[in-house]
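Notes for the one structure printed next.
No lab work stands behind these numbers, since they all come straight from the coordinates. Owing to the predicted nature of the structure, the values given are computational and were not obtained by experimental measurement. When we count neighbours, we look across all protein chains shown, and the Cβ atoms used for this are built from the backbone with ideal geometry, even at glycine.
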Amino acid sequence: MIHFFRSIRQILLSENKTGKYFKYAIGEIVLVVIGILIALSINTWNENKKQRVFEVKMLTEVHTALTSDIDYFLRLESRLHKLDSASNVFIKLVHEKAIFNDSLYNRGQSRWYFLRSGINLQFNKGPYEALKSSGIDKISNDSLRNSLVNFYDFEFPKQIAFINYYDEDYTENVEQLFSFLQDPFTELVNGKIEVYSKFPEDLFLRPEFLNLLTRIKSRATKSKRAVHYCVSQMEKLKAQISLEIN
């Protein structure tokens, strides 16, 4: 098309028809500009498509990590709930001034186990960190981008710091719990010698045991609250990502 206009211009120029010559020259320029704009539009479309593919890929990885983290934190919350419940049961026995015996221990054996429970925090920030290092601005949805930054860079670290702080007393609590055990003794069970240690009968009458239970309950309650908050925020963020990638 441009060659066609150029040929006409040459003819018009040779015939001294400058008015028409300039009209065709302008037409040729317009065609060139249109061609450039079309090429730029195609290039922009291709770049946007590539960026969208990358964005969906990265968000999908964050979504997968959140799914795994939610599952793990829900198990943590359940564990902390059992620890809280166990401490409540034993605090009640203290207030009732119960006498500790083997039957009481055997009936509540699982509760004694949970009384020794701690938590081991695990979570996967890798996909988010990869997204951030490649450019968080690649997330086109402003609201989602702000939610990602707010959760992973502010809310989540704050709650993790709280949980770690609350759990600092875990080792000391367990050591104190075992300090109540009496000296070990042996028994012959099914032809085998077994070693046992028992708690004293006046365990529930000791003020220091109530003090220990109170601290364990406080640790469980505060940690459970922080873990529950993390789960709720992760579920909200996961829902936002789902809307964006589906």
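Based on the Cβ-Cβ distance of Gln182 and Leu74, what FRET efficiency does E = 1/(1 + (r/R0)^6) give at R0 = 51 Å, to the nearest 0.05? Taking R0 as 51 Å, the efficiency between Gln182 and Leu74 is 0.85. One chain, two ends: His81 and Arg206. Fully extended at 0.36 nm per residue, the span grows by 42.5 nm beyond their Cα-Cα distance.
Determine the gain in length on full extension of the stretch Lys198-Thr64; use 0.36 nm per residue of separation and subtract their C-alpha separation, reporting nm with one decimal. Could the numbers behind the result be given before it?
Details: separation 134, 0.36 × 134 = 48.24 nm, distance 4.65 nm.
43.6 nm is the gain from fully extending Lys198 to Thr64.
Order of Lys97, Lys236, Lys125, Lys224 from fewest to most other C-beta atoms within 10 Å? Don't skip to the end; give the middle numbers.
On the way: Lys97 9, Lys236 12, Lys125 15, Lys224 21.
By the 10 Å Cβ count, ascending: Lys97, Lys236, Lys125, Lys224.
Using 1/(1 + (r/R0)^6) with R0 = 35 angstrom and r between the beta carbons of Tyr229 and Phe54, what's the FRET efficiency to the nearest 0.05? Efficiency at R0 = 35 Å is approximately 0.65. The count of lysine pairs in segment 48-128 whose Cα atoms are under 23 Å apart, excluding pairs fewer than 8 places apart on the same chain, comes to 4.
Within segment 221-246, find all residues whose amide N lies under 20 Å from a label point positioned 7 Å from the Cα of Asn124 along Cα-to-beta-carbon. Answer for segment 221-246: 230-246.
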